[in-house]
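Derivation of every value follows stated rules applied to the coordinates shown; laboratory data play no part. Here the structure is a predicted model, which is why all the values come from computation and not from measurement. With ideal geometry, Cβ positions are generated from the backbone for all residues, glycine too; neighbour counts draw on all protein chains shown.
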Amino acid sequence: MRPTKALINAVNLKKNYLNIREKVGNVKIMAVVKADAYGHNVKLVVQTLNSLGNKKPDYYAVATIEEGIELKKIKVPQPVVIFDLIDEDSVNDIIEFDLITTIFTDRHIKVLTDELKRTKSKRKVKVHVNIDTGMRRLGVDYQEAFEFIKRLSRIKQIIIDGIYTHFATSDEAGSKFTKLQIKRFDSVIKKLRDNKINVGLVYSANSGAILDFPEAYYDMVRPGISLYGYYPSLKTSKELKLSPVMSVISKVGSVKIVDKGESISYGRKYFTKRKTKIVTIPMGYADGFSRNLTNKAKAIIKGKLYDQVGIVTMDRVMIDVGTDNIKVGDDVILIGKNGKLAIDAWDWSRKLNTIPYEVLCGISKRVPRVLVK
Ligand SMILES: Cc1ncc(COP(=O)(O)O)c(C=O)c1O
């Protein structure tokens, strides 16, 4: 079997989660496990978090219907919320699989009620309402939210199980815009309460808000990236202790002695500075080792950091190990830790001008995820 693997550290995952639990106190937790749990493998992540007995997450959230169905098929007992939009193509699955859809337009209500009518179903369907307080992506505008929810609350077969908003800048500690979003959200909540409209759980806090905006916890928090051991940006506090959950490992696949001044890989983007040993590692851009890391990434082999050299190819990268005694089969760490040496998703993301979210989701399906307990 190909030796390239993403190890999923169950101990760190549980620690991150329990640290969040401890920080937020007596509120519920909706664990965000979309995009295959940010690339960590949703089954492994859910299995690990659900082993925590009465501390396990209260809700799970995913982006797509397909992701929701996947959770239902593995019999996840918690309610599953879908962030994606409901439409004629998905409504049947929403009802059949008992998923909680997000709704925020009259069209969404119509799609749902039409389907209930069409199937003559007497079932009650739970929904969550997304309220746009400033993200300007999805959700009913906060100024129209009260009227929308009032209309919705009159439909007997629909149960409003929750309302939420999403922050644009909660990953900047002290962000004024987040404070404004919270104020807008609060104004909607107040009006609903004053009018005794029951909306179930109120929630908003992603990882950034969990770290730095405790006033946004309400009834439930909604962590994603912090579960997996990363702060959402470099501008948050470090109010939570987080440890990366994923490491990417492999083994040296081949060793070649190359003379000084030789070019390595396609396009001749690296020339050896001396007679040296070039080793190949079976991980390329098809595995999520971005081609844009060319001549920028590092690898840890036998407790030492080495440079990746030459254009990253589809299935393989090359590492210059000089004259060191490195052999076929030696362990390689591409993301991970060895003693004091560490390469994490931030190291990649800085070089790629992105964020750890994208690096983690970008480790492709070809790399098997292996749970380490
Ligand atoms: C609607 C929604 N809520 C919560 C999250 C989790 O955010 P984070 O990973 O920053 O904690 C996301 C992630 O993008 C999201 O889209």
Problem - Normalised per residue, the volume of the convex hull around the Cα set of the chain (Å³) - result: 150
Fill in the blank from the handout: Quick note on L52, L234, ordering by fewest other C-beta atoms within 10 Å, gives L234, L52
Handout entry: GNM result for the chain, Cα springs below 10 Å: residue of S90, S121, S233 fluctuating most strongly
Key = S121
Completion exercise
In deg cm²/dmol, rounded to the nearest 500, the helical mean residue ellipticity at 222 nm of the chain, built from -39500 (n - 2.57) for every DSSP H run of length 4 or more, is -8500 deg cm²/dmol
Problem - Cα→Cβ-extended label distance, 7 Å offset, between S243 and K73, nm - result: 3.3
Problem - the stretch 10-228 - charge dipole about Cα centre, Lys and Arg +1 at Cβ, Asp and Glu -1, debye rounded to 20 - result: 800
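Using DSSP to call loops (not H, G, I, E or B), can you name the chymotrypsin sites (Phe, Trp or Tyr not before Pro) in the stretch 60-137 whose Cβ has at most 10 other Cβ atoms within 10 angstrom?
none
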Fill in the blank from the handout: The whole-number value in µm²/s of the Stokes-Einstein translational diffusion coefficient for the stretch 10-228, with Rh from the Kirkwood sum over alpha carbon pairs at 10 °C and 1.306 mPa s, is 90
Practice task
State to the nearest 20 debye the size of the charge dipole of the chain about its Cα centre, where the only charges are +1 on K and R beta carbons and -1 on D and E beta carbons.
Solution key: 820
Completion exercise
Listing T48, T276, T105 by rising number of other beta-carbon atoms within 10 angstrom, fewest first, gives T105, T276, T48
Exercise for the section: Could you tell me which of Y270, Q181, Y285 has its Cα farthest along the dipole of the chain towards the positive end, charges placed at Cβ (Lys, Arg +1; Asp, Glu -1), taken about the Cα centre? Expected result: Y270
Practice task
Would you be so kind as to identify which of I149, I363, I335 lies farthest towards the positive end of the dipole of the chain, taking Lys and Arg as +1 and Asp and Glu as -1 on Cβ and the Cα centre as origin?
Solution key: I335
Fill in the blank from the handout: Any residue on another chain or 5+ positions along whose placed amide H is under 5 Å from the amide H of V125 is listed here as I158, I159
Exercise for the section: Please give the residues of the stretch 78-93, grouped as numeric ranges, whose backbone N is less than 13 Å from a label point set 7 Å along the Cα-to-Cβ vector of R107. Expected result: 85-89
Exercise for the section: Quick one: order L180, L152, L211 by neighbouring beta-carbon count within 10 Å, fewest to most. Expected result: L180, L152, L211
Practice task
Once you've got the Cα coordinates, tell me which of K28/K190; K5/K73; K15/K241 are over 19 Å apart.
Solution key: K28/K190; K5/K73
Exercise for the section: Select from the stretch 58-149 those trypsin sites (Lys or Arg not before Pro) which occupy a DSSP coil region and have at most 12 other Cβ atoms within 10 Å, ordered by residue number. Expected result: K75, K120, K122, R123, K124, R136, R137
Practice task
State the answer as a single residue: which of V80, T4, M30 lies farthest towards the positive end of the charge dipole of the chain, with beta carbon charges of +1 for Lys and Arg and -1 for Asp and Glu, about the Cα centre.
Solution key: T4
